[in-house]
Amino acid sequence: MAASRRTGGWGWRSDKQARDDGLTYNSVSTWCSHTQLTARRSFFVVQVGNLEEAAKAKEACVDGIIVQGREAGGHVIGQEGLLPLLPKVVDLVSDSGIAVIAAGGIVDGRGYAAALAVGAHGVCLGTRFLASEESFAHPLYKKRLIEMNSTDYTNVFGRARWPGAPHRVLKTPFYVQWKNLADQETEENQPIIGHTIIHGVHRDVRRFAGTVPNATTTGDIDSMVMYAGQAVGLITEIIPASEVINRLIDEVQHVIRERFSDCQLRPKPNKDSAWLVDVKRSGQSLSKEFICCM
Ligand SMILES: Cc1cc2nc3c(=O)[nH]c(=O)nc-3n(C[C@H](O)[C@H](O)[C@H](O)COP(=O)(O)O)c2cc1C
């Protein structure tokens, strides 16, 4: 394992090296020496999509693990939903002091509270910040994020540049038209549908490229890839990033105060072989809140 607290020296590691070391191509693009990172007061955080990768990250003595559920927007590493996977990773690293950060489908304080409830120390939001005022996403991309509800898990985009890297995208009319793209097709040899600037470099954007439209992009924006997580339908407005954070904090405090504090749960069997869980707060029954399990 390359990026361990046991290794010395500085060195960015290539994707291929990481893969050869048993890490999936998508999970860790660069590994570097923890010693140097500590000297720079940096934290070494790795995103994983399954328990096996989490175990490797633990062995590598990372500072934090982002646990990404299949709900996530953009490139998606694993197959499991966040809620089943997260507690397994929490249990795995409970003796290590490694921070566990939940990612995938979290856009508000309710998702934040759910992640905390299953043991996460924090949350990582992608799609929500994409739809912020400061985001460098193209205005039309931001507009689609607040208009659209539906996403899909696919491998249609960017196959040549990043093979074997599935991703979650908005179900735009362009995507729906091409979602069954033949396996051998890639963005290579496709028509140029626009132009963009990335890190100061002018680039052509070909059809099916994995390049999201940013503020510099021109051309047929609606035919370009638009990454988004499953909770995109909960995002209804473009707001400043600071407002995203402030709302997140206010909402999570509200959820904890209103739903978790001073709660008593009393399971009672009822007819139809179901269980009714009567939730009482401050001695008062909250009749609307119950869980039924057959
Ligand atoms: C525009 C965009 C691009 C992304 N690109 C990558 C990527 O290249 N590699 C990766 O591991 N995850 C990528 N992700 C996933 C994020 O790291 C994170 O797991 C995800 O955004 C969390 O889910 P959410 O979007 O539902 O909040 C991307 C996400 C978005 C929205």
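Taking the condition closer than 25 Å to Ile238 by Cα, at pLDDT 95 or above and among the polar types (S, T, N, Q), does Thr216 pass?
yes
Name the residues in the range 79-99 that are small (Gly, Ala, Ser) and either more than 13 Å from Ala55 (Cβ to Cβ) or out of contact with any helix residue (DSSP H, G or I) (no Cβ under 7 Å at 6 or more places or on another chain) (or both), would you?
Within the range 79-99, Gly81, Ser94, Gly97, Ala99 meet the criteria.
What residue, of Ala209, Ala215, is free of Cβ contacts under 8 Å to residues at least 60 places away in the same chain and not assigned by TED's automatic domain parsing to the domain that holds Asp108? Talk me through it step by step, then tell me what you get.
Numbers: Ala215 fails: free of Cβ contacts under 8 Å to residues at least 60 places away in the same chain.
It is Ala209.
Tell me, which residue of the range 206-237 that is within 10 Å of the ligand (Cβ to nearest atom) and of a type in the set (Gly, Ala, Ser) is nearest to Leu130 (Cα to Cα)?
Ala228
Take the residues in the range 147-184 that are free of Cβ contacts under 8 Å to residues at least 40 places away in the same chain and among the charged types (D, E, K, R), then tell me which one is nearest to Asp222 (Cα to Cα).
Step by step, filter the range 147-184, then rank; the result is Lys171.
Can you tell me which condition Gln184 does not meet? The list is (1) in contact with a strand residue (DSSP E or B) (Cβ under 8 Å, 6 or more places away or on another chain); (2) not assigned by TED's automatic domain parsing to the domain that holds Glu80, and all the others hold.
For Gln184, the exception is condition (1).
What are the residues in the range 137-159 that are of a type in the set (A, V, I, L, M) and touching a strand residue (DSSP E or B) at 6+ places or on another chain (Cβ under 9 Å), if any?
Passing the criteria: Ala137, Leu145, Met148, Val156.
What about Gly164, is it within 18 Å of Val76 (Cα to Cα) and touching an Asp or Glu at 6+ places or on another chain (Cβ under 7 Å)?
So Gly164 fails the test.
The values are calculated or read from the model by the stated rules, or taken from the named source; none is laboratory data. Keep in mind it's a predicted model, so treat the numbers as computed, not measured. Using ideal geometry, Cβ is built from the backbone for each residue, glycine included, and neighbour counts are taken over all protein chains shown.
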